[in-house]
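A.B. asks: Below you will find the structure I want to go over with you.
The values are calculated or read from the model by the stated rules, or taken from the named source; none is laboratory data. Quantities reported herein were computed from a predicted structural model and do not represent experimental measurements. Methodologically, a virtual Cβ is constructed for each residue, glycine included, from the backbone with ideal geometry; neighbour enumeration extends over all protein chains shown.
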């Protein structure tokens, strides 16, 4: 098994598939998650090939860009991996990570949860890219993509959303900070992920304080 060749093939495949993707879920998002995952994996006992390929393929067909269909991503990943020289057990592990990585699945109380140390690493890597400066940029990029309001004081955040409500929300972009982004720090799995998340979380809190100060006309000279 030539792992470098497999990772190279996967990288080329993902770049091609996401060449026209929305800016917050494009190849550069995948690349950042891949790098995050490799960094976190240094401190964990994991199958590095599974971590690498799951990070590269985790958003190969994000359901929110496919009318909510959660089967397309795992299916495309499976079709691709079936053509690569990897163990079947590794392929199945990667597919399970892709199926279970999303934040929205944590809102589905009836979902049978899959768990592995590799999932924890890739999930942390993905969640880190949703917070901090990059997370803020991605959040507003997607809000603009969906033509959502920046903020509406009359539309409060829904702090008890079901999975379906989360998938179908059209709430203002600022609400997403309270409905997801500010919650991620306490949902990190690994010690490394938790340490990195602390700083990025604080950055978002400073941003929100400044945002509301400007929104409410609290001008400082």
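A.B. asks: Does residue 79 satisfy the condition of being in a helix (DSSP H, G or I) and out of contact with any helix residue (DSSP H, G or I) (no Cβ under 7 Å at 6 or more places or on another chain)?
C.D. replies: Answer is yes for this residue.
A.B. asks: Taking residue 89 as meeting all but one of (1) farther than 27 Å from residue 146 by Cα; (2) touching a residue at least 40 places away in the same chain (Cβ under 8 Å), write down the number of the exception.
C.D. replies: The failed condition is (2).
A.B. asks: Answer with yes or no whether residue 150 is surrounded by 15 or more Cβ atoms within 10 Å (Cβ to Cβ) and under 20 Å from residue 209 (Cα atoms).
C.D. replies: So residue 150 fails the test.
A.B. asks: Look through the stretch 82-91, keep the residues that are assigned to a helix (DSSP H, G or I) and in contact with a helix residue (DSSP H, G or I) (Cβ under 7 Å, 6 or more places away or on another chain), and return whichever of them is farthest from residue 164 (Cα to Cα).
C.D. replies: Here the residue is 90.
A.B. asks: If you don't mind, there's one more thing I want to ask. Being surrounded by 15 or more Cβ atoms within 10 Å (Cβ to Cβ) and without any contact (Cβ under 8 Å) to a residue 60 or more places away in the chain: is that true of residue 208 here?
C.D. replies: Yes.
A.B. asks: Could you please find all residues in the stretch 113-133 being within 12 Å of residue 196 (Cβ to Cβ) and either more than 12 Å from the chain's Cα centre (by Cα) or part of a helix (DSSP H, G or I) (or both)?
C.D. replies: Residues satisfying the conditions are 124, 125, 127, 128, 132.
A.B. asks: Scan the stretch 1-18 residue by residue and report those that are surrounded by 14 or more Cβ atoms within 10 Å (Cβ to Cβ), part of a helix (DSSP H, G or I) and without any contact (Cβ under 8 Å) to a residue 60 or more places away in the chain.
C.D. replies: Step one: filter the stretch 1-18 for residues surrounded by 14 or more Cβ atoms within 10 Å (Cβ to Cβ), giving 6-7, 9-11, 13-15, 17-18.
Filter once more, keeping what is part of a helix (DSSP H, G or I): 6-7, 9-11, 13-15, 17.
Scanning the stretch 1-18 gives 7, 11, 14, 15, 17.
A.B. asks: Right, another one. crowded, with 17+ Cβ neighbours inside 10 Å, closer than 24 Å to residue 4 by Cβ, at pLDDT 95 or above and in contact with a helix residue (DSSP H, G or I) (Cβ under 7 Å, 6 or more places away or on another chain), is that true of residue 94?
C.D. replies: Criteria met by residue 94.
A.B. asks: Kindly list, by first and then second residue, each pair from a residue in the stretch 164-176 that is crowded, with 16+ Cβ neighbours inside 10 Å to a residue that is modelled with pLDDT under 90, limited to pairs with Cβ atoms under 6 Å and residues at least 6 apart or on different chains.
C.D. replies: Close Cβ pairs satisfying both conditions: 166/104; 166/107.
A.B. asks: Turning to a different aspect of this structure: What do you reckon, is residue 67 without any contact (Cβ under 8 Å) to a residue 12 or more places away in the chain and on the phi > 0 side of the Ramachandran plot?
C.D. replies: Yes; evaluated as a whole, the condition is true for this residue.
A.B. asks: Is it the case, given these coordinates, that residue 94 is closer than 20 Å to residue 141 by Cα, in a helix (DSSP H, G or I) and within 18 Å of the chain's Cα centre (by Cα)?
C.D. replies: Taking the combined requirement at face value, the residue does not satisfy it.
A.B. asks: Can you give me the number of residues within the stretch 152-211 that are under 17 Å from the mean Cα position of the chain (by Cα) and assigned to a loop (DSSP other than H, G, I, E, B)?
C.D. replies: Going through the stretch 152-211 one residue at a time, the tally reaches 4.
For (1) crowded, with 19+ Cβ neighbours inside 10 Å; (2) assigned to a helix (DSSP H, G or I), each residue gets a yes or a no:
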residue: 20; (1), (2): no, no
residue: 36; (1), (2): yes, yes
residue: 40; (1), (2): yes, yes
residue: 43; (1), (2): no, no
residue: 46; (1), (2): yes, no
residue: 51; (1), (2): yes, yes
residue: 61; (1), (2): yes, no
residue: 75; (1), (2): no, yes
